[in-house]
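These notes are about the structure you will find just below.
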Amino acid sequence: MTGGRVPILMYHAVSTSPNDATRALSVTPEAFAEQMALIGDLGLTPVRTAELAARWRSGEPLPERPVLITFDDGYEGVHRHALPVLAQHGFPATVFVSTGWLRGPHDTGGGLDTMLDWDQVRELAEADVEIGGHSHTHPQLDQLPESRLRSELILCREIISDQLGTVPASFAYPYGYSSRRVREAVRETGYAQALAVNNGLARRRQGPYGLTRLTVRRSTGIEEFGRMVEGRAIARTFAGDRALTKGYALVRRARQVRRKAIRSRV
């Protein structure tokens, strides 16, 4: 792994029997355990999102061979299956929760599979897991009007603060989508750093609100995973993803232009 480039792993569900909506971006408990064991065998040092960003801001050196383990959305399997493995290795991690998807008083019913409840989130927080924000209802933030965008960010932050007694410092963009407007809103609503996707290694020059992650999915084999955490052959591994992302970005921009044109005629 080249100095100054950090692999940030993006997980979703950890499940033996995921549903169709979460299967592709899930991993089995056995695969997750094997992947964490490899991180240990390779001598990598997991750190939390807030620690990475704070050290890059201050110029303080990172631990040797750092890696980040992150989970999006807030699936129950993170507590049931991932937490015991993380604890076994003494690895910190970050879980980005969509507060309206979690079971409990703020549940909007949008969760894609069995989600964490707040007692489980508190247990994660007590076990060296950073809890970050992932919006309230998991929309495409760059498609929202300003008032709804701010509401998604503020509500998520306030609910986490109320439930855990600590203010979340880190954020992950739902679907990885952001824009300059979204990044400014994330900063202005009090998050100190935010993660995208883009399937590349994170670098300090990306800035604290555009750090890149690597997608770990059900089809990720252990050899491919090893290359990812060592920063090898990243472009080749994710070539197909990048082509799809660029194509979909063009479609989404065209939709935005059409919506603006329609609004201007009303």
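Filtering the stretch 35-50 to residues that are surrounded by fewer than 19 Cβ atoms within 10 Å (Cβ to Cβ), in contact (Cβ under 8 Å) with a residue 24 or more places away in the chain and within 20 Å of GLY132 (Cβ to Cβ) leaves only ALA50. Note on the stretch 153-168: residues that are over 18 Å from VAL129 (Cβ atoms) and crowded, with 21+ Cβ neighbours inside 10 Å amount to 1. Note on the stretch 64-109: among residues that are among the hydrophobic types (A, V, I, L, M, F, W, C) and within 15 Å of PHE171 (Cβ to Cβ), the one that is surrounded by the most Cβ atoms within 10 Å (Cβ to Cβ) is VAL97. Within the stretch 79-118, being closer than 12 Å to ILE131 by Cα and β-branched (Val, Ile, Thr) holds for THR94, VAL95, VAL97, THR99. Filtered by the rule that a residue be aliphatic (A, V, I, L, M), over 16 Å from HIS12 (Cα atoms) and under 16 Å from the mean Cα position of the chain (by Cα), the stretch 22-59 gives VAL47, ALA50, LEU52, ALA53.
Within the stretch 137-166, residues that are under 17 Å from HIS106 (Cα atoms) have Cβ atoms under 6 Å from residues that are open to solvent by 40 Å² or more (accessible area, probe 1.4 Å) and at pLDDT 95 or above in these pairs: THR137/THR108; ILE159/HIS106; SER161/VAL167; LEU164/ALA125, counting only partners at least 6 apart in sequence or on another chain.
Restricting the search to the stretch 120-136, which residues are at pLDDT 95 or above and open to solvent by 30 Å² or more (accessible area, probe 1.4 Å)? Within the stretch 120-136, ARG122, GLU123, ALA125, GLU126, ALA127 qualify.
Residues that are of a type outside the set (A, V, I, L, M) and either at pLDDT below 95 or open to solvent by 10 Å² or more (accessible area, probe 1.4 Å) (or both) were ranked within the stretch 216-225; the one that is nearest to ILE69 (Cα to Cα) is ARG217. Based on what the data block shows, is ASP117 surrounded by fewer than 20 Cβ atoms within 10 Å (Cβ to Cβ) and among the acidic types (Asp, Glu)? Here the answer is yes, as ASP117 does meet what is asked.
Looking only at the stretch 169-188, how many residues end up being charged (D, E, K, R) and crowded, with 21+ Cβ neighbours inside 10 Å?
Qualifying residue count, the stretch 169-188: 1.
Okay, residues lined up against (1) of a type in the set (A, V, I, L, M, F, W, C); (2) buried (at least 22 other Cβ atoms within 10 Å of the Cβ); (3) without any contact (Cβ under 8 Å) to a residue 12 or more places away in the chain:
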{"site": "GLY4", "(1), (2), (3)": "no, no, no"}
{"site": "HIS12", "(1), (2), (3)": "no, yes, no"}
{"site": "PRO18", "(1), (2), (3)": "no, yes, no"}
{"site": "ALA21", "(1), (2), (3)": "yes, no, no"}
{"site": "ALA33", "(1), (2), (3)": "yes, no, no"}
{"site": "ARG57", "(1), (2), (3)": "no, no, no"}
{"site": "PRO61", "(1), (2), (3)": "no, no, yes"}
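Report yes if PRO139 is touching a Cys at 6+ places or on another chain (Cβ under 9 Å), modelled with pLDDT of 95 or more and either open to solvent by 60 Å² or more (accessible area, probe 1.4 Å) or not aromatic (Phe, Trp, Tyr) (or both), otherwise no. No: the conditions fail for PRO139.
The values are calculated or read from the model by the stated rules, or taken from the named source; none is laboratory data. As the structure is a computational prediction, the values presented were derived from the model and not from experiment. Neighbour counts run over all protein chains shown; Cβ positions are idealised from the backbone, glycine included. Surface areas here come from the heavy atoms of the whole protein model, side chains and all, with no ligands, DNA or RNA. Shrake-Rupley method; radii C 1.70, N 1.55, O 1.52, S 1.80 Å.
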